[in-house]
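A.B. asks: One structure coming up, written as structure tokens, with questions to follow.
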Amino acid sequence: MKHSKKSIFLFILLVIVSTSLGACGSKTQDKADFVSKSNISSFKIHNIKLQEKEIKSTSTRNKIIDLLNSVKITKSDVEPRMGVGYGVIITYDDGKKFSASYLASTICYSNDDKKFTWCDIDKNIVDDLRSFYDKN
């Protein structure tokens, strides 16, 4: 139980620190289809405890990316939220990164590791991400 509380605290701290490193974006998009399937050098999925698992299967990667790209942003530049979620960290061959945490119907993402954007999204994909995490 003590370890679980510490993990939740670390996750909340990570979200707060990440948010403080950059302002939220004000750009609105209809879809969050900014995740590319090509030139991926590393693909990780993480749980609420920030335990990561590497996803090596191209087929599984593509399924997860399709899921991420199916999300529609309903409102951008929202206030940071607390909650339980899962996320991805994708590194491309050119060194660029995409990271995102999904908390119910909210996403916190970054395309450059400096500016985090909080948005409301049209669906909760946490259970789907949990399923991918558990299978790998």
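Coordinate-derived values only; no laboratory data. The structure displayed is predicted, hence computed values, not measured ones. Cβ sites come from the backbone with ideal geometry, for glycine too, and all protein chains shown count toward neighbours.
A.B. asks: Under a point spin-label approximation (7 Å from Cα along Cα-to-Cβ), what is the L50-T74 distance to one decimal in nm?
C.D. replies: Placing both labels 7 Å along Cα→Cβ, they lie 3.0 nm apart.
A.B. asks: Can you flag which of K72/K97; K63/K115; K63/K114; K49/K135; K63/K123 are past 24 Å Cα-Cα?
C.D. replies: Details: K72/K97 21 Å; K63/K115 26 Å; K63/K114 27 Å; K49/K135 17 Å; K63/K123 17 Å.
The pairs that break the limit, which is 24 Å between Cα atoms, are K63/K115; K63/K114.
A.B. asks: Taking the Cβ-Cβ separation of D122 and S41 as r and a Förster radius of 30 Å, what is the calculated FRET efficiency to the nearest 0.05?
C.D. replies: Details: r = 30 Å, r/R0 = 1.00.
After rounding to 0.05, the efficiency reads 0.50.
A.B. asks: What FRET efficiency would be calculated for the residue pair N62, M82, taking the C-beta separation as r and a Förster radius of 30 Å, to the nearest 0.05? Display every interim value, and only then the final one.
C.D. replies: On the way: r = 31 Å, r/R0 = 1.04.
Efficiency, rounded to the nearest 0.05: 0.45.
A.B. asks: Could you give me the ³J(HN,Hα) list for the range 126-136, computed from phi with Karplus coefficients 6.51, -1.76, 1.60 and θ = phi - 60°, whole Hz, x at Gly and Pro?
C.D. replies: Those phi angles translate into 4, 4, 5, 5, 4, 4, 4, 4, 5, 7, 10 Hz.
A.B. asks: At 0.36 nm per residue, and after removing the present C-alpha to C-alpha distance, how many nm does the segment from K96 to S131 gain when stretched out fully? All intermediate terms of the calculation are to be shown ahead of the outcome.
C.D. replies: Numbers: separation 35, 0.36 × 35 = 12.60 nm, distance 2.64 nm.
Contour length minus the Cα-Cα distance gives 10.0 nm.
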